[in-house]
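Presented below is the structure to which this report refers.
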Amino acid sequence: MTDLATTENLDVRLEKHRTELTGYCYRMLGSAFEAEDAVQDTMVRAWRSFDKFEGRSSLRSWLYRIATNVCLDMLNAGNRRARPMDLSAPTPVAQAQLNSRPEITWLEPVPDGRVLPSVTDPAEAAVERETIRLAFMAALQHLPPKQRAVLILREVLAWKASEVAELLDTTVASVNSALQRARATLAESAPAATDTADPLDEEQKELLERYVAAFEGYDMKALTALLHEDATLSMPPYDLWLQGHDNIVGWMLGVGSVCRDSRLVPVVANGSPAFAHYHQAEDGNGHTPWALMVIEIVDGRITGINSFLDTDRWFPMFDLPMRLEKE
């Protein structure tokens with residue numbers, strides 16, 4: 001086999017693991033962009049040092065070892081990704097002010113297709129979606145980096161304790177201890193059990209259709225009927241968040257009234273229903289991006305509207321158009 005053929009074959013073998021590695025790094029880092037950077041760094045390191053790979057473990061395990069080291073190095077900077085709800089108490093709408101925080105503060109959304117490998121088993125797909133939900137991702141951020149790695153490898157990816165110990169160059173006892181501590185920490189701030197996106201769920205489909213109709217029609221009575229009484233609205237990069245349908249509707253009829261005549265285009269983000277939110281264009285010609293809106297649902301009611309406003313970053317990542325033409 002020629003050197004060129006060997007190189008091409010290695011590239012193909014490495015690329016087979018890109019999506020699952022991106023999912024792992026995303027869970028570790030809480031940032032879609034940092035996860036892609038980490039995986040690219042992993043691929044470069046693997047390519048450069050492949051002659052040192054002795055085959056004592058699988059190529060997949062070796063790549064996870066490299067990716068883990070890359071993520072741990074990145075996390076040593078000490079930045080913990082958060083949601084606005086993690087940083088402050090809710091603000092009554094009458095006192096609401098928009099204060100922006102740096103980009104590195106926020107837990108970031110991600111398209112499912114970037115981080116979830118294709119699986120044919122619906123039950124397995126549901127579990128995959130469950131572990132990238134915003135609430136679960138936010139809970140992971142409370143764990144120290146090595147505990148986070150252990151919990152993801154053991155509980156999300158179903159690695160054996162012995163495999164994780166080998167990857168981290170530690171003992172099975174140490175892995176089990178770290179897992180126990182991680183579970184205890186998560187139990188103290190258990191992530192809310194929100195519903196994942198399910199196109200086959202007629203009740204969810206109807207709820208989302210009613211939401212689109214209420215939002216695009218700016219029908220606050222209809223919108224209120226869909227919201228849980230403790231529903232939240234957040235808008236990173238602003239740290240403001242509102243709780244309760246009265247505060248949310250008050251915002252929508254006040255500062256948020258710029259959202260009148262919006263268009264919502266369905267997408268999926270973080271295993272959850274989501275929408276590309278477009279405002280009417282200033283020039284009157286169609287609609288332009290305003291937010292990526294991730295919806296959280298519990299028991300047939302909307303419990304969270306998470307609007308990520310940095311559309312210059314999010315819309316290209318989700319392959320969304322930067323303008324909707326006038327109908």
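The values are calculated or read from the model by the stated rules, or taken from the named source; none is laboratory data. For clarity, every value in this text was computed on a predicted model and none was experimentally measured. Every residue, glycine among them, receives a Cβ derived from its backbone with ideal geometry; neighbour counts consider all protein chains shown. Note: areas computed on protein heavy atoms with side chains; ligands, DNA, RNA excluded. Shrake-Rupley method; radii C 1.70, N 1.55, O 1.52, S 1.80 Å.
At a glance:
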quantity	calculated
Residues of segment 38-61 satisfying the condition of being open to solvent by 30 Å² or more (accessible area, probe 1.4 Å), touching a residue at least 12 places away in the same chain (Cβ under 8 Å) and within 25 Å of the chain's Cα centre (by Cα)	Asp41, Arg60, Ser61
Single match in Glu15, Glu34 (criterion: surrounded by fewer than 18 Cβ atoms within 10 Å (Cβ to Cβ) and either out of contact with any Ser or Thr (no Cβ under 9 Å at 6 or more places or on another chain) or not hydrophobic (A, V, I, L, M, F, W, C) (or both))	Glu15
Given (1) surrounded by fewer than 20 Cβ atoms within 10 Å (Cβ to Cβ); (2) under 20 Å from the mean Cα position of the chain (by Cα); (3) within 29 Å of Leu10 (Cβ to Cβ); (4) not β-branched (Val, Ile, Thr), index of the condition Leu116 fails	(1)
The listed residue being part of a helix (DSSP H, G or I), surrounded by fewer than 16 Cβ atoms within 10 Å (Cβ to Cβ) and under 23 Å from the mean Cα position of the chain (by Cα), out of Ala138, Ala187	Ala187
Single unsatisfied condition, Trp251 versus (1) over 27 Å from Ser31 (Cα atoms); (2) without any contact (Cβ under 8 Å) to a residue 12 or more places away in the chain	(2)
Criterion (farther than 18 Å from Val267 by Cβ, open to solvent by less than 70 Å² (accessible area, probe 1.4 Å) and among the charged types (D, E, K, R)) met by exactly one of Arg148, Arg133	Arg148
Strands (runs of 3 or more DSSP E) (entirely within segment 241-309) containing at least 3 residues that are out of contact with any Cys (no Cβ under 6 Å at 6 or more places or on another chain), modelled with pLDDT of 95 or more and open to solvent by less than 10 Å² (accessible area, probe 1.4 Å)	272-280, 287-298, 301-308
Whichever residue in segment 77-95 is assigned to a helix (DSSP H, G or I) and more than 21 Å from the chain's Cα centre (by Cα) and, among such residues, is surrounded by the most Cβ atoms within 10 Å (Cβ to Cβ)	Val93
Scan of segment 268-319 for residues that are among the aliphatic types (A, V, I, L, M) and in contact with a helix residue (DSSP H, G or I) (Cβ under 8 Å, 6 or more places away or on another chain), ordered by number	Val268, Ala269, Ala276, Ala291, Leu292, Val294, Ile295, Ile297, Ile302, Ile305, Met317
Number of the condition not met by Ala123 [criteria: (1) surrounded by fewer than 21 Cβ atoms within 10 Å (Cβ to Cβ); (2) over 28 Å from Asp198 (Cα atoms); (3) small (Gly, Ala, Ser)]	(2)
Residue that is farthest from Tyr26 (Cα to Cα), among those in segment 96-113 that are in a loop (DSSP other than H, G, I, E, B) and open to solvent by less than 60 Å² (accessible area, probe 1.4 Å)	Ala96
Boolean, Thr224 is of a type outside the set (A, V, I, L, M, F, W, C), under 23 Å from the mean Cα position of the chain (by Cα) and assigned to a helix (DSSP H, G or I)	no
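Rundown of residues vs (1) touching a helix residue (DSSP H, G or I) at 6+ places or on another chain (Cβ under 8 Å); (2) modelled with pLDDT under 95, yes/no style:
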| residue | (1), (2) |
| --- | --- |
| Asp3 | no, yes |
| Glu8 | no, yes |
| Arg13 | yes, yes |
| Lys16 | no, yes |
| Arg27 | yes, no |
| Arg48 | no, yes |
| Glu54 | no, yes |
| Ser58 | no, yes |
| Ser61 | yes, yes |
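Conditions (1) open to solvent by 70 Å² or more (accessible area, probe 1.4 Å); (2) aliphatic (A, V, I, L, M); (3) at pLDDT below 95, marked per residue:
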position: Ala161; (1), (2), (3): no, yes, no
position: Val164; (1), (2), (3): no, yes, no
position: Leu179; (1), (2), (3): no, yes, no
position: Pro191; (1), (2), (3): no, no, yes
position: Thr196; (1), (2), (3): no, no, yes
position: Pro199; (1), (2), (3): yes, no, yes
position: Glu216; (1), (2), (3): no, no, no
position: Leu223; (1), (2), (3): no, yes, no
position: Ser234; (1), (2), (3): no, no, no
